[in-house]
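Asker: Below you will find the structure I want to go over with you.
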Amino acid sequence: MATAVLTRWRRWDRPALHLLCALPLLILSVKGLSGDLGANPIEALVRGIGDWALRLLVVALAVTPIRRLTGLSRLAAYRRMLGLWAFAYVVLHLSAYIVLDQFFDWQAIAGEIRKHKFITAGILSVILLLPLAATSTGAMVRRLGGVRWKWLHRLVYLAVPLAGIHYLWMVKADTRQPIAYLVLILLCLGARLFHARHSRGAGLQ
Amino acid sequence: MIIRSAGGPATSEITPRRVWLSRRQWLTGAVAAGAVGMLVPLGRQARAGTLAGATKTRYQVEDKATSLEDVTHYNNFYEFGTDKDEPARRAPGLLRPRPWTVRVEGECAAPATVDVDDLIRSSALEERIYRHRCVEGWSMVIPWVGLPLSAVLDRFQPTSRAKYVAFESLADPAQMPGTRDRTLFPWPYREGLRIDEAMHPLAFLAVGLYGETLPAQNGAPIRLVLPWKYGFKSIKSVVSIRFQEARPETFWNRLAPSEYGFYSNVNPGVDHPRWSQAKERRIGEFLRRPTLMFNGYAEEVAGLYAGMDLKRDF
Ligand code: HEM
């Protein structure tokens, strides 16, 4: 009985997770179309999508530490999907900024990237995430080889903190929320370092 | 409460109520009307009362006024929370704008603590339609009702040592949940002006908008409106006015001196470290529009800053 439920769950968990990841976007779209995003819908959209980009990046980052902590090996199957959803929100966030907020005013955009350090951090984060998204397919993993792929994907430990710093620097005064995100990110990074040392130690035994 | 002043058509006659309502409210209104009648959607707007008989003045702008819904639901009023929808949700139920007194003190011959309704009677009420530009890069057009700041200040006879005027907001933790945490922000909210800025004819004390008593979330019962400066200079819910010789400390300058200067005049040529100031999004519009020097009031106020380096004294 229990195994039957588990098997059935294994068939549905990934579609269910896809749906869950799409939900914030769906809600924002419906609100946007029905004029329910308040007085400044463009700001609400850029911020709403940015929030979910960061949340999903942190969730994707937390998959491995949580899997190691709990022994739930199935979690590994969600990691790539969560990472790609996070990246989709990042791309949408950037697109909303370019299309809705600045309306293709490239001069203004270049100026903002140069002058406003929170935008600089954001764009650096996107640049670092690009190769990760591009090498996310199974074929790319094979082409690169596992070792090189792993090395490349350690960029995530630079890209996600930068995204957190982007949020920290954007906030005017109350920095509690961005700091909470940064603490979570550092915990994931710490768990990764701890595991690296610990497993090397184990290897020597 | 009805405040009357001499002459002029009632503001409510100038601006028909239905124009103030945004399309969204019209839809809500239309749906609700079928079921329970028009009173329900209008009831959501219910406020203390009408300000009858405010005189229309020469202070008008060509641009279309921002809808009442947006003016009253998109506010920076950190005393009620840092999100822009929080003041509208929390302030009306918490802030008690009457009875209200304002303490006027410092370098003046007639210091006094006066009732706000007495203060409002210092001069006939006027309607002024001003542009409002926030340092965050958005703007509105708002029909304020109020009186010239100079008319109020004159009553207390500032002396020659009154080089500056300092203003303070209420910071009552019982009414303003955002002020409970005094580690995050240096409450109370404080602002200041040079005396010549304060006495400038554009400097205004608003007690209403769109012909009605000022809603709590917009700074009831009385607030500054300085249309040539970034919005945060226009301090809300004022309880204290002080004439002084030294330049007053201000809330945002104290939090981040490199970001918020004492003058904070709208200036498209001086960027804030967080936001470019060359353009602004007018609430309700899609494309950003160019920001004007002194928010379009250069002709009136540029003289106040003659000979100053506005890049340094930002
Ligand atoms: C990994 C990449 C990024 C992530 C995870 C991210 C996330 C976020 C978050 C969480 C916020 C704050 C939302 C809130 O206030 O609730 C935000 C705001 C914002 N981000 Fe990003 N962001 C990223 C990259 C970028 C890039 C590349 C740009 C532009 C070039 C950008 C432009 C903005 C803007 C304009 C805001 C809003 C600022 C405001 O409303 O004042 N972001 N972002």
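Asker: Kindly indicate whether B:GLU249 is in a loop (DSSP other than H, G, I, E, B), under 28 Å from B:GLN217 (Cα atoms) and within 14 Å of chain A (Cβ to nearest Cβ). First the steps, then the outcome.
Answerer: Details: in a loop (DSSP other than H, G, I, E, B): yes; under 28 Å from B:GLN217 (Cα atoms): yes; within 14 Å of chain A (Cβ to nearest Cβ): no.
It is false that B:GLU249 is in a loop (DSSP other than H, G, I, E, B), under 28 Å from B:GLN217 (Cα atoms) and within 14 Å of chain A (Cβ to nearest Cβ).
Asker: Within the range A:48-79, take every residue that is assigned to a helix (DSSP H, G or I) and surrounded by fewer than 16 Cβ atoms within 10 Å (Cβ to Cβ) and give me the one that is farthest from the ligand (Cβ to nearest atom). Please lay out each step first, then the result.
Answerer: The initial filter retains those residues of the range A:48-79 that are assigned to a helix (DSSP H, G or I), namely A:48-70, A:73-79.
Those left that are additionally surrounded by fewer than 16 Cβ atoms within 10 Å (Cβ to Cβ): A:55, A:66, A:69-70, A:73-74, A:76-77.
Working: A:ARG55: 8, A:ILE66: 20, A:LEU69: 24, A:THR70: 26, A:SER73: 28, A:ARG74: 26, A:ALA76: 23, A:ALA77: 24 Å.
Of everything passing the filter in the range A:48-79, A:SER73 is farthest from the ligand (Cβ to nearest atom).
Asker: At least 1 residues that are over 21 Å from B:VAL135 (Cα atoms) and touching a residue at least 40 places away in the same chain (Cβ under 8 Å) in each: list the strands (runs of 3 or more DSSP E) lying fully within the range B:177-242 that qualify.
Answerer: Output list reads B:204-209.
Asker: Considering the range B:267-312 alone, what residues qualify as being more than 14 Å from chain A (Cβ to nearest Cβ) and part of a loop (DSSP other than H, G, I, E, B)?
Answerer: Answer for the range B:267-312, where residues must be more than 14 Å from chain A (Cβ to nearest Cβ) and part of a loop (DSSP other than H, G, I, E, B): B:ASN267, B:LEU292, B:TYR297, B:ALA306, B:GLY307, B:MET308, B:ASP309, B:LEU310, B:LYS311, B:ARG312.
Asker: Please go through the range A:45-76 and pick out each residue that is free of Cβ contacts under 8 Å to residues at least 12 places away in the same chain and among the small types (Gly, Ala, Ser).
Answerer: If the condition is that a residue be free of Cβ contacts under 8 Å to residues at least 12 places away in the same chain and among the small types (Gly, Ala, Ser), then A:GLY71, A:SER73 are the ones that fit.
Asker: B:SER258 - would you say it is at pLDDT below 95 and either crowded, with 21+ Cβ neighbours inside 10 Å or among the polar types (S, T, N, Q) (or both)?
Answerer: Answer is yes for this residue.
Asker: Being at pLDDT 95 or above, out of contact with any strand residue (DSSP E or B) (no Cβ under 6 Å at 6 or more places or on another chain) and away from the ligand (no atom under 12 Å from the Cβ), is that true of even one residue in the range A:194-205?
Answerer: no
Asker: Same structure again: Condition check: assigned to a helix (DSSP H, G or I), farther than 18 Å from A:VAL183 by Cβ and either within 15 Å of the ligand (Cβ to nearest atom) or over 16 Å from the mean Cα position of the chain (by Cα) (or both). Does A:LEU45 satisfy that?
Answerer: It is true that A:LEU45 is assigned to a helix (DSSP H, G or I), farther than 18 Å from A:VAL183 by Cβ and either within 15 Å of the ligand (Cβ to nearest atom) or over 16 Å from the mean Cα position of the chain (by Cα) (or both).
Asker: Residue check, A:GLN107 against (1) over 18 Å from A:VAL126 (Cβ atoms); (2) modelled with pLDDT of 95 or more, all met but one. Which one?
Answerer: Unmet for A:GLN107, out of (1) over 18 Å from A:VAL126 (Cβ atoms); (2) modelled with pLDDT of 95 or more: (2).
Asker: Oh, and also: Check every one of the helices (runs of 4 or more DSSP H) wholly within the range A:113-168 and list those with 3 or more residues that are near the ligand (Cβ under 9 Å from one of its atoms), surrounded by fewer than 16 Cβ atoms within 10 Å (Cβ to Cβ) and away from chain B (no Cβ under 14 Å).
Answerer: In the range A:113-168, there are no helices (runs of 4 or more DSSP H) which contain 3 or more residues that are near the ligand (Cβ under 9 Å from one of its atoms), surrounded by fewer than 16 Cβ atoms within 10 Å (Cβ to Cβ) and away from chain B (no Cβ under 14 Å).
Asker: Just one of (1) more than 26 Å from A:ARG55 (Cβ to Cβ); (2) in contact (Cβ under 8 Å) with a residue 60 or more places away in the chain trips up A:LEU144, so point out which.
Answerer: Condition (2) is where A:LEU144 drops out.
Asker: Quick check on my filter: what residues within the range B:217-243 are more than 21 Å from B:ARG103 (Cβ to Cβ) and over 10 Å from the mean Cα position of the chain (by Cα)?
Answerer: Passing the criteria: B:GLN217, B:TRP228, B:LYS229, B:TYR230.
Asker: Right, here's the next one. When the range A:80-101 is examined, which residues are found to be farther than 13 Å from A:TRP52 by Cα, more than 8 Å from the ligand (Cβ to nearest atom) and surrounded by fewer than 18 Cβ atoms within 10 Å (Cβ to Cβ)?
Answerer: A:ARG80, A:MET81, A:SER95, A:VAL99, A:LEU100
Asker: List the number of the failed condition for A:PRO178; all other conditions in (1) surrounded by 18 or more Cβ atoms within 10 Å (Cβ to Cβ); (2) more than 14 Å from chain B (Cβ to nearest Cβ) hold.
Answerer: (2)
Asker: Mind telling me which of the residues B:PHE243, B:PHE232 ends up being of a type outside the set (Lys, Arg) and touching a Gly at 6+ places or on another chain (Cβ under 9 Å)?
Answerer: Answer to the check: B:PHE243.
Asker: To continue, here is another question. Quick one: what pairs do we get from the range B:67-83, first residue more than 8 Å from every other protein chain (Cβ to nearest Cβ) and closer than 23 Å to A:ASP174 by Cβ, second acidic (Asp, Glu) and assigned to a loop (DSSP other than H, G, I, E, B), C-beta under 9 Å, 6+ apart or different chains?
Answerer: Close Cβ pairs (under 9 Å, with a partner that is acidic (Asp, Glu) and assigned to a loop (DSSP other than H, G, I, E, B)) amount to B:ASN75/B:ASP85; B:ASN76/B:GLU136; B:GLU79/B:ASP172.
The values are calculated or read from the model by the stated rules, or taken from the named source; none is laboratory data. This one's a predicted model, so the numbers in the text were calculated from it and none came from an experiment. Neighbour counts are summed over all protein chains in view; Cβ atoms, including those assigned to glycine, are modelled from backbone coordinates with ideal geometry.
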